[in-house]
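Working notes for the structure below.
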Amino acid sequence: MGVGATKSSDALLPSPGRGAWARAGARMEMAPRGAVITLLLLAALPVFYLRFWSEGPRPVPSDEKERQQRLIREEQQEALREQARGYLENVLRPRQESRLRKQEERFYQLTGESWKLTGGHKLGSDEDSVSENANLGPGSTPNQEAMRRRRLPEPLKQPVPPIEQPGAEEVPILPEEPPEQADEVVTVALRGPSGRILRRRFLKSCNSQVLLAWMVRVGYPSSIYTLCTPYPRRALPVEGGRTLEDLGITVGTMLNVEEREPASDHRASGALAPSRT
């Protein structure tokens, strides 16, 4: 009785060796299952890859890619051109027309021609047709009657008095220019208002009027211009009886052509008279 009870109690106690064997058996049973799953995954991987590659985006050839980019650029350029045309038609052109219209109105207002801005109306359009027909003369039409009423009086034709033209100043005759090697020769230079300088040779015994004659001949009328010495500045007294030597012109001399003062006395510089040598 005691021995049997002891065996049965030993059988009920857990044995360490038995649990280890059980776990090892379980591992051995699970190992083939993991290998099978791994083999199945490896076998299915090429199928998944082929399916993804067939359904995914394929690489586009370079020519096709360039063509697509060109089409996109053309569409963008056309959209920009259309936008520019719309801006020109809807914004710029109305703005320019408004600016031109304002400038035209301002111009006509300044010139006193504002009536040009109105549309105007036809002659006789505001008249009553009944009254026109009542006032019509024999053989006349409404337009002719309207023109007759609006006809402006003809201006009086008065003879226009002839305009007196100022007589052109006679161009004097200068004596022959002596050669440079001749005796008693002096060179005179004229400086015009514009700075132009002219030179000519004269004999010292020539009348001083030849200087005014020379001034007139080169384009400076004696009624507007006169001759002056540069320093000290004074009008050159070219009376009729004096010679160049009498005026002190014995060597090369520079004279200025200046405009006459309004109150200047013509006798101060001498009026142009026939020159005598």
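List of remarks:
- For region 185-269, the Cβ-based charge dipole about the Cα centre amounts to some 340 debye (Lys, Arg positive; Asp, Glu negative; other atoms uncharged).
- Exposure proxy order (Cβ contacts within 10 Å, fewest to most) of 98, 223, 208: 98, 223, 208
- Furthest towards positive pole of dipole, 238, 257, 190, structure part region 185-269, Cβ charges: 190
- Stokes-Einstein diffusion coefficient of region 185-269, Kirkwood radius over Cα pairs, 25 °C, 0.890 mPa s, in µm²/s: 191
- Coupling constants for region 220-227 follow from the phi torsions by the Karplus curve (6.51 cos²θ - 1.76 cosθ + 1.60, θ = phi - 60°), and in residue order they are 10, x, 6, 7, 10, 10, 9, 9 Hz; glycine and proline get x.
- Cβ crowding within 10 Å ranks 215, 147 as 147, 215, fewest other Cβ atoms first.
We did not get these values from a lab; they are worked out from the coordinates using the rules stated. This one's a predicted model, so the numbers in the text were calculated from it and none came from an experiment. Methodologically, a virtual Cβ is constructed for each residue, glycine included, from the backbone with ideal geometry; neighbour enumeration extends over all protein chains shown.
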